[in-house]
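Reviewing the structure listed below.
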Amino acid sequence: MGGSVLAARCGEAGLRTIVLEKGSDPTNLPPKRSLIDKLIGTHDPRGGERWPAELLLRRSEGSAARPASPILGIGPGGSARIYGSALGRAQRADFENDFQPLQWDDAADEQALPNGWPTAYSEMLADYREAEGVLGLVGTHDPLDPDDDAQLGMPPELSPAHEEIVERLRANGRHPYRMHVGIAYKPGCTECQGVTCPRDCKAHGFNRALVPAMERQAPVSLEKGVTLSSVEKGANGEWRVTYDDGTGEEVSVAAPKLVLAAGALNTPRIIEAFPALTGGSVPPLVGRGLMFHSSEIFAVTPSDPDALYGQRKVLAFRDHYLDKGMPMAECQSLGMVGKAGMIAEFLNNRARLAGLDLGRVGKLAMRPVGMIAEQQFAGSELFTAALQDLPYSDNRVTTETDSEGNDRIAITYRVRDEMKQRVLRFRELMKDAFAPLPVRFLSPAGEPNLGHPMGTCRMGTSPEHSVVDGDGQVWGQEGLYIADASVFASSLGINPALTVAALALRTARRITG
Amino acid sequence: MNTGGSASRHVAITGATGGIGAALARQFAQSGYLVSAIGRSRPALDDLAASHERISAFHLADIADGTACADTFVKIRAANGPVEILITAAAIYPKAFFLDQDAGHIAEVLRTNIEGVANSVREVLPAMLERNFGRVVIFGSLADMNPMPGSLAYSVSKGALHSLSKGIAGEIDRDRFPNVLVNEFSPGPTRTRMSDGGHAPEDIFPMLLPLVECGSDGPHGRFFQEGKEIRIGESWKAALKRVVLRR
């Protein structure tokens, strides 16, 4: 998202822009997977549009790593191309608070990294408006948010069961609205997740910003299948980037400005791999302060399951975005229907939390249970919330070489008790919001959403507490910028995509002067 | 369970001036359905409309003409509301040996028999999806399996309808639109202008009705001949999966 939006703006301003993209165009045919692979859900990179290798995940430095499927897109448009489409703004409170666990948890024994934003929300609003204009959203305004002036198209109609849920929420004093979605709906839209749909309704930086800019003859060139081999800073202050263009050919380019937009799991690893970027030594916070939203997923069962149909990314409410000073989240439609694989995954996670790692055999065993449960969930609507995470210095991303000599994304991440407490509080609030409709929670408390990595090159007001300034420029490195979720100072109670686009527009403005 | 059994529903029938189409139009009307009859022959349409108050007739000279077809369905919507059930019975069956055909023969048959079906389904499907209610019954045939001498173009066109029907069905998201069902139906030999022997045209309605009146758990993307399902080209793996999962 960030890279495409920024490149489009720079190109349109007349700057010669080269986009170096690791991914290639996805092949149309996903690789053949065996029945067993499908059943146990081994990682499926989907013909090259998903990150190719599993992540290595551990709870603390030195503890054993377990593999986890990455929820990362690769290729032009990035994750927003195959996931995404929930394009809500963060709220004023996100930008004006420094959230510390001691504010609500007396037992908290540690501080989070300072997480106030260096930019005022009023400035951020202008960037949000512009990003919304580029991407094109449908939805309605949040009745609780006086700042919500987003330009919104007409969302698709609600099914009678969705109407019932809306009525329930209203009767319980909540303020539901139509969630802000970047989909140019066509009849029969599947609201695709996890693959690129050829109908191309979903808005992301590539199809809504970069492709149109290139069609308007902006001086942008896109190199795909690129692997970086070196980055140096010349005596004249220019960056010299050398890369393999995918054919084995080494190509070298020089430019006064260099922007990293590889995403929060990759941008800090690029800085670590090429210390010349930051004058030979890597700033201490690079890769640290990694945040993942805690992914709450729950099923709400309306009274008539047959009345539930049609588009699913439809509802949101923000009555509990904050609760007694605690950062929570927007509650929104998940936009997916409960499937056997998802439920089996949930059951395995439950088993793992109970100290029982069933491994791959367990995945196989849980599958039939999931298939039975699928029937149970067929008449339920799934909701989700991206519960805010706080940045802790020891939660981090690094590069690790596996036994086969491949560089892998390694994540050290521990969920804090204060997070679990907030999750439990949020669940109480959700049960209350939908009552008397039954609410069933499908995710373990504090399950990190690996698709929302943030904060690994933090934005702040000083180099002591951050990596980049309020415009995304790396402290002390003239002409080096970061334009992805790495720069997030806090995790926000909403999907990161729109904020990434808004910040990219801001950084582009700084670059183009 | 969502059912399709409400008899006041709106059914559109293409090829309604053919033998089977006309019989279906009358029988649907007699069963309480609101019928939009689409055909090429004006006199036959007039007779049909006069035969029952719940039948209204719409003339369409060339169903393969996308613009003309769209215009007709606009008129149908304006008169009778969104189409809830579509029966595509329009087809041509000119008998000609391969070596006697001129260069345009096959194209003409394919146009009507394939593009005509696609055109009419395209006009009704969006509103069906929006309301999560729709039944599409595409008149098919197994003529493609053993083309009879002189029926080559017809056989080719009916073979194409298997993938057209299954393809359209496969693009419908079952989670979001579970009550929109598309199936292919073959009446078997029937006494019409196209054939001298077989069923009486009136025998077809009861065979076809289950595909219209079934609930959202009814068949989708499947082929039925004379009321019995035939699994065209099913692999042994797919058959095993079906038996094991009792689908």
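Where a number appears in this text, it was derived from the coordinates with a stated rule and is not lab data. Everything numeric here is computed off the predicted structure, so don't read it as measured data. We place every Cβ from the backbone using ideal geometry, glycine too, and count neighbours over all the protein chains shown.
General observations
- Listed by Cβ neighbour count within 10 Å, with the fewest neighbours leading, A:Trp51, B:Trp236 appear as B:Trp236, A:Trp51.
- Contact order, relative form, for the stretch A:454-500: 37 percent (alpha carbon pairs under 8 Å, 6 or more residues apart, mean separation divided by residue count).
- Normalised convex hull volume, the stretch A:217-304, alpha-carbon set, Å³ per residue: 196
- Dividing the helix sum by the residues of chain A, where each DSSP H run of 4 or more adds -39500 (n - 2.57), gives a mean residue ellipticity at 222 nm of -8000 deg cm²/dmol.
- Think of each Lys and Arg Cβ as +1 and each Asp and Glu Cβ as -1; about the Cα centre, that makes the dipole of chain B roughly 700 debye.
- The stretch A:173-245: trypsin sites (Lys or Arg not before Pro) in DSSP coil with no more than 16 other Cβ atoms inside 10 Å: A:Arg199, A:Arg216, A:Lys224
- Estimated FRET transfer efficiency when R0 is 30 angstrom, pair A:Cys201-A:Leu158 (beta carbons, to 0.05): 0.95
- Counting other Cβ atoms within 10 Å as a rough exposure proxy, the listed residues B:Leu208, A:Leu125 run A:Leu125, B:Leu208 from fewest neighbours to most.
- If you count Lys pairs in the stretch B:10-246 whose Cα atoms are under 27 Å apart, skipping same-chain pairs closer than 8 places in sequence, the total is 9.
- q = 0.12, 0.20, 0.22 Å⁻¹, the stretch A:389-513: log10 I(q)/I(0) [Debye, one scatterer per Cα]: -0.62, -1.16, -1.27
- At 0.890 mPa s and 25 °C, Stokes D of the protein assembly as shown from Kirkwood alpha-carbon radius, µm² per second: 85
- Full-stretch length increase - A:Asp432, A:Thr399 - with 0.36 nm per residue and alpha-carbon distance subtracted: 7.5 nm
- Projected label distance in nm at B:Ala239 and B:Asp217, using a 7 Å step from Cα toward the beta-carbon: 2.6
- Selection among B:Ile76, B:Ala64, B:Leu181 by position relative to the dipole of the stretch B:10-246 gives B:Leu181 as farthest towards the positive end (Cβ unit charges, Cα centre).
- Spatially proximal aspartates and glutamates relative to A:Lys224 (Cα-Cα < 19 Å; intrachain offsets below 8 disregarded): A:Glu21, A:Asp25, A:Glu49, A:Glu215, A:Asp244, A:Asp245, A:Glu249, A:Glu250, A:Asp484
- Relative contact order of the stretch B:10-246, taken over Cα pairs closer than 8 Å and 6 or more residues apart, is 18 percent.
- The simple spin-label model puts a point 7 Å past each Cα toward its Cβ; for B:Gln101 and A:Leu144 those points are separated by 6.6 nm.
- Percent RCO, i.e. relative contact order, over chain A, from Cα pairs under 8 Å lying at least 6 residues apart: 24
- Within the stretch A:239-328, GluC sites (Glu not before Pro) in DSSP loop having at most 10 other beta-carbon neighbours inside 10 Å: A:Glu249
- Antiparallel content of DSSP bridges confined to the stretch B:10-246, in %, to 5: 10
- Under Karplus coefficients 6.51, -1.76 and 1.60, residue-wise ³J(HN,Hα) of the stretch A:97-106 in Hz, glycine/proline x: 10, 10, 7, 10, x, 5, 5, 10, 10, 5
- The calculated P(r) of the stretch A:123-169, using every Cα pair and 10 Å bins from 0, goes 23, 42, 26, 10 in percent.
- Relative to the longest principal axis of the Cα atoms of chain A, the long axis of helix A:497-512 makes an angle of roughly 20 degrees.
- Mean projected area in nm² (Cα convex hull; one quarter of hull surface) for chain B: 13.6
- Principal-axis tilt of helix A:160-171 within chain A, Cα atoms, nearest 10 degrees: 90
- Efficiency of FRET from Cβ geometry, A:Asp245 and A:Arg440, R₀ 56 Å, rounded to 0.05: 0.65
- Each eigenvalue of the Cα gyration tensor of the stretch A:118-237, multiplied by 5 and square-rooted, gives one semi-axis; in descending order these are 37, 22, 14 Å.
- In a fully extended conformation the segment linking A:Arg59 and A:Thr227 would gain 57.5 nm over its present Cα-Cα distance, using 0.36 nm per residue.
- What you get for the stretch A:181-220, charging only the Cβ of Lys and Arg (+1) and of Asp and Glu (-1), is a dipole of about 60 debye around the Cα centre.
- Toward the positive end of the charge dipole of the stretch B:119-247, with +1 on the Cβ of Lys and Arg and -1 on the Cβ of Asp and Glu, the farthest Cα among B:Ser151, B:Ser120, B:Ile168 is that of B:Ile168.
- Total charge dipole magnitude, the protein assembly as shown, about the Cα centre, Cβ charges on Lys, Arg, Asp, Glu only, Debye to nearest 20: 1580
- All other residues whose Cβ lies under 13 angstrom from that of B:Ile63 are scored, Lys and Arg at +1 and Asp and Glu at -1, for a net of -3.
- Neighbour-count order for B:Thr67, B:Thr192, B:Thr14, A:Thr399, fewest beta carbons within 10 angstrom listed first: B:Thr67, A:Thr399, B:Thr192, B:Thr14
- Positive-pole candidate from B:Val137, B:Cys214, B:Val35, dipole of chain B, charges at beta carbon: B:Cys214
- Unit Cα scatterers, Debye sum, the stretch B:128-247: log10 I(q)/I(0) for q = 0.13, 0.15, 0.16 Å⁻¹: -0.58, -0.76, -0.86
- Estimated FRET transfer efficiency (A:Gln375, A:Glu238; beta-carbon r; R0 51 Å; 0.05): 0.25
- The DSSP beta bridges internal to the protein assembly as shown are antiparallel in roughly 55% of cases.
- Taking all pairs of distinct alpha-carbon atoms in the stretch A:57-103, Kirkwood radius in angstrom: 14.8
- A simple spin-label model places the labels of B:Ser41 and B:Glu171 3.3 nm from each other, with each point 7 Å out along Cα-to-Cβ.
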